[in-house]
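For reference, the structure discussed in these notes is given below.
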Amino acid sequence: MSHHATIAVVGSGPIGSAYARMLLEQLPDAHVVMFEAGPQLTAIPGESVRNIADPAEKERAREMSQGPQAGELRESLGIPAGAVVEGMFTARQGTHLLDFGGDGSAHAPTFPAVAAATNVGGQGAHWTCATPAPAFSEKIPFIADDEWHDLLEVAKDLLHVQSAAFADSAVGAGIRSLLEEEYAGELPDGYGPSTLPVAGDPQPDGTMRWAGADMVLGPLIDPESPLSARFELRDLTLVRRVEVQDGRAVGVTVEDLRTRETRVVPADLVVVAADAFRSPQLLWASGIRPPALGRYLTEHPVVISTVALDPDKIGRFASEADLDAEIARRSVNPADPVAAVNRIPFSEPDHPFSLQVMYAENPPFPLDPSHPAAGNRWGYVNMGYGMRKRPRFQDGVTFSDEELDYRGFPNMTIEYELTDAENAEIAAATERLRRAGNALGTFIAEPRLLPNGSSLHYMGTMRMGEADDGTSVADPWSRVWGVDGLIVGGNGVIPTANAMNPTLMSVAVAVRGARKAAEQLAASDHTRQTG
Ligand code: FAD
């Protein structure tokens, strides 16, 4: 009789979802149980809240993602709406600060904007959906280019990546032309201004249905698909511990946050994809403590600004009629602020940063009506440079066995510092941002460096490496060193210094991990049947 492998997935974000999908597609008899600490927000599990047209409903979904939501713990740890910048990089609604300052708060004075989302779909229900691919030294050095290319293609399919979203926007094209003029001759071929790949399905009316974990799960949440019979998603279920026996993960201890009941769920494989801080925390709480756990934290220092498009400048490339068409398209979904997305990608040696240029009808903050750029008919551009951070052992999160956090886990302390290397690149990118802004219009918010932790792209805390030498947590297939049957997934696995939005890369890494895990489970099944 065939063995029915049970796979426990911790976390329902894009990465846990990618593992679930890939494993079920490859293993015809396996079952996946996915545990999610937060609540389900939308009728379709894991859908992007950006697709919710009703502002009150959208607000409710974000509020529900901002902290513990079970029973009496229905408190919000959220970021006040006035302090957020929609459509850009910074910590926003839908997320909750880890260092929120109350009882059981993490300690992160040097990384104050660090945030998470707790809901079905994870941060992937709130993300901006920018999905550039890593390039040059951003890539993982020990994965060959051919394989990497294939992994990225699968990842793009899973996330529904569009490389030319809003390519028909004449204003968007005009923005690219102005940036091309500004940077003429300075950027390598193929790495100049271009449309930013984003994840979602373009709709016939010109709007986007943005991607969330729902699209990654695909057939697993389609009742018509046979795969859905082998998939179970339990929301408001907190994984408290990974159970390990004789060097092998054998299941998870879960707490139903509705009833407060705790039980052990046996599993043949455990995938921990519970974000870059809570995954290492769960491993630590389970007694799995490789020396690199939580260390080598990186993110993207971010410099942002907002510019009112100058009618004379953009008018050289787009007409009033183009603008009318743009405004008509945007009015179809006024709740979605983004109208066109451009970028200048990372390239080496001269442009080791990533510029994201979001075109929107309104500024991301209230602009005094008496401001000369208020009510600008041509709209506004929110622009930001993401930069790299060199991985260092001393930057990272440590866990306390004495002090528990608000969930009863070993509390976190994050220590993090920018060095001369980062400061030099921040200065260079800020200068370029000024040039880009001046090429497009007038600054209504000057370039400014956001507080550490603002990128929401937290990497390195469970980094993969080629050898179990203390500088990595997982092997090149994301398997935790020294514990069989345990995989870690998410941005924490990325070992490189990079500037690109990391989700596509993390999904590609997950595809690799899932393929290897499926091979291993199939082989052990075969041994069991024949042995
Ligand atoms: P998450 O999506 O964080 O999901 C982890 C899940 O695990 C959470 O739902 C959490 O509740 C759950 N969990 C944690 N602990 C436990 C436990 N013990 N038991 C059960 N469940 C648990 N990335 C990009 O690449 N491009 C972008 O444009 C972009 N924009 C962003 C904008 C915003 C506003 C935000 C918030 C994020 C953005 N990101 C972006 C980051 C992106 O969303 C993440 O890279 C991605 O969601 C990571 O996926 P994940 O599955 O690893 O983790």
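The values are calculated or read from the model by the stated rules, or taken from the named source; none is laboratory data. Because the structure is predicted, anything quoted here is derived from the model rather than measured. Note that each Cβ is placed from the backbone with ideal geometry, even for glycine, and that neighbours are counted across all protein chains shown.
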Taking region 404-446 and keeping residues hydroxyl-bearing (Ser, Thr, Tyr) and in a helix (DSSP H, G or I) leaves Thr430
Of those in region 85-128 that are among the charged types (D, E, K, R) and more than 6 Å from the ligand (Cβ to nearest atom), the residue modelled with the lowest pLDDT is Glu86
Only unsatisfied item for His457, checking (1) assigned to a helix (DSSP H, G or I); (2) within 16 Å of the ligand (Cβ to nearest atom), is (1)
Exercise. State yes or no: is Ala292 in contact with a Gly (Cβ under 8 Å, 6 or more places away or on another chain) and more than 14 Å from the ligand (Cβ to nearest atom)?
Key: yes
Got at least one residue in region 499-510 being within 16 Å of the ligand (Cβ to nearest atom), outside any helix (DSSP H, G or I) and without any contact (Cβ under 8 Å) to a residue 24 or more places away in the chain? no
Asp54: passes all of (1) at pLDDT below 85; (2) acidic (Asp, Glu); (3) closer than 21 Å to Asn333 by Cβ but (1)
Note on region 94-117: residues more than 26 Å from Met358 (Cα to Cα) and either buried (at least 20 other Cβ atoms within 10 Å of the Cβ) or not polar (S, T, N, Q) (or both) are Leu98, Asp99, Phe100, Gly101, Gly102, Asp103, Gly104, Ala106, His107, Ala108, Pro109
Residue set Arg515, Arg432, Arg479; condition farther than 23 Å from Pro345 by Cβ and buried (at least 19 other Cβ atoms within 10 Å of the Cβ); output residue Arg479
It is to be established whether one or more residues within region 359-375 are of a type outside the set (Val, Ile, Thr) and assigned to a strand (DSSP E or B). yes
Do we find a residue being out of contact with any Gly (no Cβ under 9 Å at 6 or more places or on another chain), among the acidic types (Asp, Glu), surrounded by fewer than 12 Cβ atoms within 10 Å (Cβ to Cβ) and within 29 Å of Arg330 (Cα to Cα) anywhere in region 211-227? no
The residue that is farthest from the ligand (Cβ to nearest atom), considering only those in region 134-159 that are surrounded by 20 or more Cβ atoms within 10 Å (Cβ to Cβ) and within 30 Å of Tyr380 (Cα to Cα), is Pro134
In the set Val244, Val271, Val239, Val264, the lone residue that is under 25 Å from the mean Cα position of the chain (by Cα) and more than 27 Å from Val161 (Cα to Cα) is Val239
